[in-house]
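Each remark here refers to the structure printed beneath this line.
The values are calculated or read from the model by the stated rules, or taken from the named source; none is laboratory data. None of these values were measured; they are calculated from a predicted model. Ideal geometry is used to build each Cβ from the backbone, glycine not excepted, and the neighbour counts take in all protein chains shown.
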Amino acid sequence: MENKNLLDAIKCAIVHKKVGSYIRENIKINMTLKNIAILIEDKIKEEIGFDINNPISQGIAFPVGLSLNNCAAHYTPNYNEEDILLKDDDIIKIDYGVHKNGIIIDSAFTLSLNSKYDEFINISKNLTNYAVSLCSVDAVLGDIGKDIEEYVKSKEITIDNKTYQLKTMTELSGHLIAPYQIHAGKAVPNVSIFYPMRMKEFEYYAIEPFLTNGDGYSILKSPNSHYMLSKNHDIVNNLNENECKVYDIIKKNYYTLPFCQRWLYELEESIKYDNILKNLEKKKIINVYPPIYDINNSIISQFEHTIFIKEKGIINLTKNDYY
């Protein structure tokens, strides 16, 4: 089973790298974030061979994250939001996933078209590569977090004649990945905590330190766009007809993979999803994952790799020429 999974992971990693090159060649100033998201989604579907008649066999693993400036994660444009333009003073985290048979490749990179962020982005890139180098069979996950924090303590940057001490986002971590489960239980901390869990052979991990010049504490904001069926979603009761219909749409098209509000409207525009999603959340059928921010006027950079743990060493599945 591990060999079959690894073949699927390698296929998805190849697609992820192709999509990354495509993004970096085609992203432009004054594009809307919605158009960037659709550009990425369409390219993933094309490269992986998405089949609308079997939507959970292979395709997009989770909503495309397009997190600007002090937003760290979990932002993707909603269907009915006002357009946000990418500006030349922005720093953007582009986080997207590809899956085949539920085997997920999760990788991200940071871009800015303004050179004043180059040093910050390069430190972030080096930090993730350093974090990857700490991974192996029996590596203690808490020790990885300690080493990441120690690495960052010595780093500072100067932007617009102001110097900042850097840190990682305290409550954000890397994570174990399992079939059709983007967060499968174990975490890879980005700070020093007591966490004696170890990496094991045949496991997949997303390694993703979030570097910030802000406070490093997560601030959740609205509007929400990311959703996922809860662990107990199959205990369905007390749903009205419309809620049952939306639940069936979610289960058929995404199963236990994350999805976003915009995708639902693209499937069937006539349904009033927003209220139904709120009801499904109240009834614990779905979980919500709001956008995560640091303080105003801070900036965050993220690079992320998916790795596979071997008996000796690892395979960095998403390593490429850019990061």
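For the range 150-195, the tally of residues that are touching a His at 6+ places or on another chain (Cβ under 6 Å), under 19 Å from Pro63 (Cβ atoms) and not in a loop (DSSP other than H, G, I, E, B) stands at 1. Among the residues making up the range 130-141, those that are in a helix (DSSP H, G or I) and surrounded by 15 or more Cβ atoms within 10 Å (Cβ to Cβ) are Tyr130, Ala131, Val132, Leu141. Looking across Ile235, Ile250, one residue alone is on the phi < 0 side of the Ramachandran plot and modelled with pLDDT of 95 or more. It is Ile250. Assessment of the range 276-289 against the conditions (of a type in the set (Phe, Trp, Tyr), surrounded by fewer than 17 Cβ atoms within 10 Å (Cβ to Cβ), modelled with pLDDT of 95 or more and in contact with a Phe, Trp or Tyr (Cβ under 8 Å, 6 or more places away or on another chain)) yields no matching residue. The set of residues in the range 4-37 being part of a helix (DSSP H, G or I), hydrophobic (A, V, I, L, M, F, W, C) and either within 25 Å of Tyr204 (Cα to Cα) or out of contact with any Ser or Thr (no Cβ under 9 Å at 6 or more places or on another chain) (or both) consists of Leu6, Leu7, Ala9, Ile10, Cys12, Ala13, Ile14, Val15, Val19, Ile23, Ile36. Looking at Tyr217, Tyr265, Tyr255, just one residue is touching a residue at least 60 places away in the same chain (Cβ under 8 Å) and within 20 Å of Pro77 (Cα to Cα), and that residue is Tyr265. Glu304 falls short of the stated requirement of being surrounded by fewer than 16 Cβ atoms within 10 Å (Cβ to Cβ), within 21 Å of Ile105 (Cα to Cα) and in the same structural domain as Ile52 (by TED's automatic domain parsing).
The selection criterion, being surrounded by fewer than 22 Cβ atoms within 10 Å (Cβ to Cβ), under 20 Å from the mean Cα position of the chain (by Cα) and in a loop (DSSP other than H, G, I, E, B), does not hold for Gly214. All conditions but one from (1) over 28 Å from Asn213 (Cα atoms); (2) among the aromatic types (Phe, Trp, Tyr); (3) not in a helix (DSSP H, G or I) apply to Phe62; the one that does not is (1). Being among the acidic types (Asp, Glu) and either modelled with pLDDT of 95 or more or touching a Gly at 6+ places or on another chain (Cβ under 6 Å) (or both) is the filter; apply it to the range 1-50 and report the residue that is surrounded by the most Cβ atoms within 10 Å (Cβ to Cβ). By that ranking, first place goes to Glu41.
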